[in-house]
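**Student:** Dropping the structure in here first, questions after.
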Amino acid sequence: MSADDVPADVRRGGEIRTLLSPKTAGSTSGFLGRADIAPGQRIAEHYHPYSEEFIYLIEGELVVDLDGMPQPMRPGDALLIPPGTRHRLRNPGTVPTRCVFHLGPLAPRPELGHVDTETAGNHGSAR
């Protein structure tokens, strides 16, 4: 699966592309994707009630707010977000950020897997 073949989901900020999932690849234990975040932008705060999330930063700067506590990341860093932890991904830098994420296990139903805690309109400046 190529990221170039997957349309970006921009509803929560950034460009989120789910590459491997039950729908695209028949996975049964989780899903994997890529997030691109422009300088000064963010992916709005949310949490996953059933899944832990792994983030690996490929390029750029990233700050992940975990229950309100900032966790800065540099390229090559990885982070584990436990189930139920509110988190927001911010790009405080001057170049685009690119990271890979994986979530698992899957929620019992897709609509139960993601809970927004910010409205989509509040995902502007990261500063």
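**Student:** Considering the chain, what Rg and Dmax in Å follow from its alpha-carbon atoms?
**Tutor:** 13.5, 39
**Student:** Please compute the length gained on full extension between ALA38 and LEU66, using 0.36 nm multiplied by the number of residues separating them and subtracting their Cα-Cα distance.
**Tutor:** Contour length minus Cα-Cα distance gives 8.1 nm.
**Student:** Can you compute 3J(HN,Hα) from phi for each residue in segment 3-12, using the Karplus curve 6.51 cos²θ - 1.76 cosθ + 1.60 with θ = phi - 60°, rounded to whole Hz and x for Gly and Pro?
**Tutor:** 4, 5, 8, 10, x, 6, 8, 10, 4, 10
**Student:** When Lys and Arg each count +1 and Asp and Glu each count -1, what net charge do the other residues less than 11 Å away from GLU15, Cβ to Cβ, add up to?
**Tutor:** Overall, the nearby charge balance is +3.
**Student:** Taking Cα centroids, how far is segment 12-33 from segment 35-74 in Å?
**Tutor:** Here the answer is 16 Å between Cα centres.
**Student:** Could you tell me what % of all Cα pairs in segment 1-52 have separations over 14 Å?
**Tutor:** Summing the P(r) of segment 1-52 above 14 Å gives 59 percent of all pairs.
**Student:** Can you give the local net charge around ASP67? Use residues other than it whose beta-carbon is closer than 13 angstrom to its beta-carbon, Lys and Arg +1, Asp and Glu -1.
**Tutor:** 0
**Student:** Relative contact order (percent) for the chain, with alpha-carbon contacts under 8 angstrom and 6 or more residues of separation?
**Tutor:** Across the chain, relative contact order equals 32 percent.
**Student:** Can you check what the net charge comes to around ALA25, using other residues whose Cβ is under 15 Å from the Cβ of ALA25 (Lys, Arg +1; Asp, Glu -1)?
**Tutor:** +2
**Student:** Go ahead and run the numbers for FRET between VAL100 and TYR50, Cβ-Cβ distance against an R0 of 22 Å, rounding to 0.05.
**Tutor:** FRET efficiency, VAL100 to TYR50: 0.60.
**Student:** Right, another one. Return the ratio Rg/(2.2 N^0.38 Å) for segment 28-72, where Rg is computed over Cα atoms only.
**Tutor:** This ratio for segment 28-72 stands at 1.27.
**Student:** For the chain, which whole percent of the accessible surface, found with a 1.4 angstrom probe, sits on carbon and sulfur atoms?
**Tutor:** 55
**Student:** How many Å² of accessible area per residue for segment 39-127, probe 1.4 Å?
**Tutor:** With all protein chains present, segment 39-127 gives 52 Å² per residue.
**Student:** Once the whole set of protein chains is in place, how much accessible area is left on VAL95, using a 1.4 Å probe, in Å² to the nearest 10?
**Tutor:** Taking all protein chains as shown, VAL95 has close to 80 Å².
The values are calculated or read from the model by the stated rules, or taken from the named source; none is laboratory data. This is a predicted model, so every value here is computed, not measured. Cβ sites come from the backbone with ideal geometry, for glycine too, and all protein chains shown count toward neighbours. For accessibility, only protein heavy atoms count, side chains too; no ligands or nucleic acids. Shrake-Rupley method; radii C 1.70, N 1.55, O 1.52, S 1.80 Å.
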